[in-house]
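J.: Here it is: the structure, laid out below.
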Amino acid sequence: MSVDVIVVGAGPTGLLLAAELALAGVRVRVLERRVERRRESRALTMHPRSIEMMDLRGIADRFLSRGRTVPGWHFAALDTRLDFTRLPTRHGYTIFLAQARTEEVLEARARELGAEVVRGCAVTAVRHDDDSVTVETADGGSVRAAYVVGCDGGRSMAREAAGIAFEGTDETVSAILGDFAVTDPDAVQAANGRLLAVPLEDGLTRFVLVNPERMRVPSAEPVTLEEFRKALVDVAGRDFGVAEPRWLSRFGNATRLAARYRQGRILVAGDAAHIHFPAAGQGLNTGLQDAMNLGWKLAAQITGWAPAGLLDSYDAERRPVGAAVTANTEVQTLLLELPLLAQYRRPAQALRAMLNDLLGIEAVNHRLAGMVSGIATDYGDDSPAGSRVPDLAVTIPERPDVQRLYQLLHDGRPLLIRTAGDPIAHDRITQITATTLDTDAEALLIRPDGHLAWSGPNSDATSALHTLLGPTAAR
């Protein structure tokens, strides 16, 4: 099988990217060094914008049926929670879903669309020139492709091969997590701002905390059950009866952002592009959104219809988002760390109390909820183009099965929806005429990732269409 794109890494980002490329008819192969999917799940949350993206492809129910929804989340473990229910989305909640389950669903999706996922295949070298990229593997094999996307984590070989700097700060604080089969029945309710407790599947409970006595311990040092029990007592006053640990882990706050997301024929996404403390559960979600942004653009480049600069817009749109996420997680880490330091304890506690009050102001809560959830992500600056399109209500006489806009984007093609006008001769879009469209604009041209490409009067749709899709797509 010849390959257009090699994706290095079968985590959530790599698997969603493979699915998006395969949906667009691109030949894609995912290379994963692990033979089996990891049982342990560092990430647990799928936030509203990520759920919307799955809805754009008609697969949101695959995640909702496996997880548990909660109406909001936290910022720096402050007591006043972010209210996702007031966000402008039909998915005003977070799904608690183990990363292993997320990967299971995404891998099934990628395979059913024709992507090839090869496990037990460690990449040892990546070589690129102006025309192609060659990937060498530990078994002595090699494969050539038009592009390689590194979704292979913070130590990304693809990123290093491209010579892309990974700039930022080293670890200064570490936290611990533990998944336990046995805990007190009221453990989750007893948790507080210094301790996160989350019920998992199979009756497990996860605890996450920063232990003031051991927060400078390097994340590479293993965690013992004795250490975890003592940390719980130190932080919460009791150990909640924890026993039978299924997983104990330590993680740090090293924060880095790739200097660029593309170098020639090598691109990076997910943790290969940005790492940070997992504050508010944004890492997996940011990676999924990287994949959704990149997938249709890379497919357009490979299939020959991308207008000039489209693939470079991946870096232009997503790197600022990565920078914003790394910045807000550093703020959250500081808000967690300072109250643990004797010299800052009183003012830090006062600061947290002040922020708790501020989060009680609806506009403040809404602003942070939009940022953490991904719903506020906007690529348009001062222009409507690039803004996220909500799942508008539509009425289409010829399609009585369709009531919502996202139903028209399941095939991953650009969508032109108008209230009037004859069809435009174009072979790369879905065209729909709606008698009602829940927006002030007469016409919308929507990108495959659910962001707006253009809006305006019906009469201007043809020129807008050719601007997005390029002259090679026009008949």
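Only the coordinates and a few stated rules stand behind these numbers; no lab work does. Model, not experiment: these values are computed from the prediction. Note that each Cβ is placed from the backbone with ideal geometry, even for glycine, and that neighbours are counted across all protein chains shown.
J.: Rounded to two decimals, what is the ratio between the C-alpha radius of gyration of segment 1-147 and 2.2 N^0.38 Å? The partial results should precede the final answer.
T.: Numbers: Rg = 17.8 Å, N = 147, 2.2 N^0.38 = 14.7 Å.
After normalising by residue count via 2.2 N^0.38 Å, the value is 1.21.
J.: Quickly rank 288-298, 251-261, 384-394 as a protection proxy: mean count of other C-beta atoms within 10 Å, highest first.
T.: Values: 288-298: 26.9, 251-261: 20.4, 384-394: 17.7.
Per-residue Cβ counts within 10 Å, averaged per peptide and sorted highest first, yield 288-298, 251-261, 384-394.
J.: If you stretched the chain out fully between residue 118 and residue 188, how much longer would it get, using 0.36 nm times the residue separation minus the C-alpha to C-alpha distance? Walk me through the numbers before you get to the answer.
T.: Numbers: separation 70, 0.36 × 70 = 25.20 nm, distance 3.89 nm.
Going from the current span to full extension adds 21.3 nm.
J.: Additional query: Once all Cα-Cα distances of segment 174-252 are split into 5 Å bins that start at 0, what whole-number percent is in each one?
T.: Taking all Cα pairs of segment 174-252, the binned fractions are 3, 17, 32, 27, 16, 5, 1 percent.
J.: For residue 130 and residue 427, what does the FRET efficiency come to when R0 = 30 Å and r is the distance between their Cβ atoms, rounded to the nearest 0.05? Working shown, then result.
T.: Values: r = 30 Å, r/R0 = 0.98.
Efficiency, from the Cβ-Cβ distance: 0.50.
J.: Which shape class, rounded, prolate or oblate, goes with segment 96-186 when its Cα gyration tensor gives a ≥ b ≥ c as root eigenvalues, a/c under 1.5 marks rounded, and past that a/b bigger than b/c marks prolate?
T.: Taking the square roots of the gyration eigenvalues as a ≥ b ≥ c, segment 96-186 is oblate.
J.: Cα centroid distance between segment 158-191 and segment 438-452, in Å?
T.: That distance is 38 Å.
J.: Once R0 is set to 41 Å, what does the formula 1/(1 + (r/R0)^6) return for the Cβ-Cβ distance between residue 230 and residue 90, expressed as a FRET efficiency to the nearest 0.05?
T.: Numbers: r = 45 Å, r/R0 = 1.09.
About 0.35, to the nearest 0.05.
J.: A further question on this structure: May I ask you to list the residues of segment 368-391 whose amide nitrogen lies under 19 Å from a point 7 Å from Cα along the Cα→beta-carbon direction of residue 251?
T.: 372-374, by backbone N distance to the label point.
J.: Using a ≥ b ≥ c from the Cα gyration tensor of segment 267-367 (square roots of the eigenvalues), is it rounded, prolate or oblate, where a/c under 1.5 gives rounded and otherwise the larger of a/b and b/c decides, a/b for prolate? Mind dumping the intermediate values first?
T.: Working: a/c = 4.08, a/b = 2.59, b/c = 1.58.
Prolate, because a/c is 1.5 or more and a/b exceeds b/c.
J.: Multiplying the sequence separation of residue 459 and residue 324 by 0.36 nm and subtracting their Cα-Cα distance, what value in nm do you get? Before the final figure, lay out the partial values.
T.: Details: separation 135, 0.36 × 135 = 48.60 nm, distance 3.78 nm.
Length gained, residue 459 through residue 324: 44.8 nm.
J.: How far apart, in nm, are two points set 7 Å out from the Cα along the Cα-to-Cβ line at residue 111 and at residue 65?
T.: 1.7 nm
J.: Between residue 350 and residue 420, what is the label-to-label distance in nm when each label sits 7 Å out along the Cα-to-Cβ direction?
T.: So the two model labels end up 6.4 nm from each other.
J.: Neighbouring Cβ atoms within 10 Å as the yardstick, rank 74, 410 fewest first. Please report the intermediate quantities before stating the final value.
T.: Working: 74 18, 410 14.
Ranked by crowding around the Cβ, least crowded first: 410, 74.
J.: So, one more: For Cα pairs less than 8 Å apart in space and 6+ apart in sequence, what is the mean separation divided by the residue count of the chain, i.e. the relative contact order in percent?
T.: Working: 992 pairs, mean separation 81.7, N = 475.
This gives 17 percent for the chain.
J.: Could you run the Debye sum over the Cα atoms of segment 394-473, one equal point scatterer each and no solvent, and tell me log10 of I(q)/I(0) at q = 0.14 Å⁻¹, two decimals?
T.: Per q value, in the given order, log10 I(q)/I(0) is -0.40.
J.: Next question. So how much slack lies between residue 104 and residue 221, counting 0.36 nm per residue of separation and subtracting their Cα-Cα distance, in nm? Mind dumping the intermediate values first?
T.: On the way: separation 117, 0.36 × 117 = 42.12 nm, distance 2.93 nm.
This chain segment gains 39.2 nm when fully extended.
J.: Next up: Just to check I understand the Karplus step: with θ = phi - 60° and J = 6.51 cos²θ - 1.76 cosθ + 1.60, what whole-Hz values come out for segment 261-268, glycine and proline as x?
T.: Computed from phi, the couplings for segment 261-268 are 9, 9, 9, x, 9, 10, 10, 10 Hz.
J.: Do the sum for the chain: with -39,500 (n - 2.57) for every DSSP H run of n ≥ 4, divided by all residues, what is the mean residue ellipticity at 222 nm, to the nearest 500 deg cm²/dmol?
T.: Details: 12 runs with 144 residues, N = 475.
-9500 deg cm²/dmol, from helical runs alone.
J.: Please turn the phi angles of segment 431-447 into ³J(HN,Hα) values with the Karplus equation 6.51 cos²θ - 1.76 cosθ + 1.60 (θ = phi - 60°), one per residue in order, whole Hz, x for glycine and proline.
T.: 10, 9, 10, 10, 6, 9, 9, 6, 7, 6, 6, 6, 9, 10, 10, 10, 5
J.: Also, quick follow-up: What per residue convex hull volume, in Å³, do the alpha-carbon atoms of the chain yield? Please list the in-between numbers first.
T.: Details: hull volume 71.0 nm³, N = 475.
Once divided by residue count, the hull of the chain is 150 Å³.
J.: Here is a follow-up. Excluding residue 372 itself, calculate the net charge of residues whose Cβ lies under 13 Å from the Cβ of residue 372, where each Lys or Arg counts +1 and each Asp or Glu counts -1. Numbers along the way, then the final one.
T.: On the way: positive: 49, 81, 367; negative: 83.
Charge balance near residue 372 sits at +2.
J.: What number comes out for the charge environment of residue 212, summing +1 per Lys or Arg and -1 per Asp or Glu over other residues with Cβ under 11 Å away?
T.: On the way: positive: 194, 214, 216, 345; negative: 213, 234, 337.
Residues near residue 212 contribute +1 overall.
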